[in-house]
1. Assess whether residue 175 counts as being closer than 26 Å to residue 77 by Cβ, over 22 Å from the mean Cα position of the chain (by Cα) and either surrounded by fewer than 14 Cβ atoms within 10 Å (Cβ to Cβ) or without any contact (Cβ under 8 Å) to a residue 24 or more places away in the chain (or both).
2. I'd like the full set of residues that are over 22 Å from the mean Cα position of the chain (by Cα) and over 24 Å from residue 70 (Cα atoms), limited to the stretch 101-145.
3. Check 118, 136, 175 and return the single one that is under 30 Å from residue 61 (Cα atoms) and either in contact with a strand residue (DSSP E or B) (Cβ under 6 Å, 6 or more places away or on another chain) or assigned to a helix (DSSP H, G or I) (or both).
4. Quick one: which residue in 60, 14 is more than 18 Å from residue 119 (Cα to Cα) and buried (at least 16 other Cβ atoms within 10 Å of the Cβ)?
5. Checking the condition modelled with pLDDT of 95 or more, buried (at least 19 other Cβ atoms within 10 Å of the Cβ) and within 25 Å of residue 14 (Cα to Cα), which residue from 70, 81 passes?
6. Can you name the number of the only condition in (1) out of contact with any helix residue (DSSP H, G or I) (no Cβ under 6 Å at 6 or more places or on another chain); (2) in a helix (DSSP H, G or I); (3) free of Cβ contacts under 8 Å to residues at least 12 places away in the same chain that residue 49 fails?
């Protein structure tokens, strides 16, 4: 249904749809890589750890447990990203239909905010696993760092969801007046 408030779908919408498809494919590949790493750790833990540079002369128990934790976190992250991309595709679909200012998109943006929050909590869990897995003899370095940018993005998405909700309500009220 095309709304008089929105323009017809554009090339940008089709491009966004394709980009989200490519991101979904990339996420599946990432999930497959993480799963393969988890399987390799289960089937041949010593060979896998040697292959990625863990020294043979150190106790590997601590780092192996940290690596298992990172695999589980990575798989959870891939599942979350998959759901986030599906939610974002639903928003892009409403843009393509010509009416993105619907109550469902405000709810979808709130969902994306929660998904981003969960992803950032998983990111913190990777940092914790990295710290716990490291030792003086064998560091477990995943080049992890903390940044405020994702937290500000999460806040922005929740504010945008509220703006969408209020804008949709105001447009509905205006349509009742006219």
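The values are calculated or read from the model by the stated rules, or taken from the named source; none is laboratory data. Since the model is a prediction, treat every value here as computed from it, not as a measurement. Glycine also receives a Cβ, built like all others from the backbone with ideal geometry; neighbour counts cover every protein chain displayed.
1. Values: closer than 26 Å to residue 77 by Cβ: no; over 22 Å from the mean Cα position of the chain (by Cα): yes; either surrounded by fewer than 14 Cβ atoms within 10 Å (Cβ to Cβ) or without any contact (Cβ under 8 Å) to a residue 24 or more places away in the chain (or both): yes.
No: the conditions fail for residue 175.
2. 101, 102, 103
3. Details: 136 fails: either in contact with a strand residue (DSSP E or B) (Cβ under 6 Å, 6 or more places away or on another chain) or assigned to a helix (DSSP H, G or I) (or both); 175 fails: under 30 Å from residue 61 (Cα atoms).
So the residue among 118, 136, 175 that is under 30 Å from residue 61 (Cα atoms) and either in contact with a strand residue (DSSP E or B) (Cβ under 6 Å, 6 or more places away or on another chain) or assigned to a helix (DSSP H, G or I) (or both) is 118.
4. On the way: 14 fails: buried (at least 16 other Cβ atoms within 10 Å of the Cβ).
Being more than 18 Å from residue 119 (Cα to Cα) and buried (at least 16 other Cβ atoms within 10 Å of the Cβ) holds for just one of 60, 14, which is 60.
5. On the way: 70 fails: within 25 Å of residue 14 (Cα to Cα).
Within the list 70, 81, the selection yields 81.
6. With respect to (1) out of contact with any helix residue (DSSP H, G or I) (no Cβ under 6 Å at 6 or more places or on another chain); (2) in a helix (DSSP H, G or I); (3) free of Cβ contacts under 8 Å to residues at least 12 places away in the same chain, residue 49 is out only on (3).
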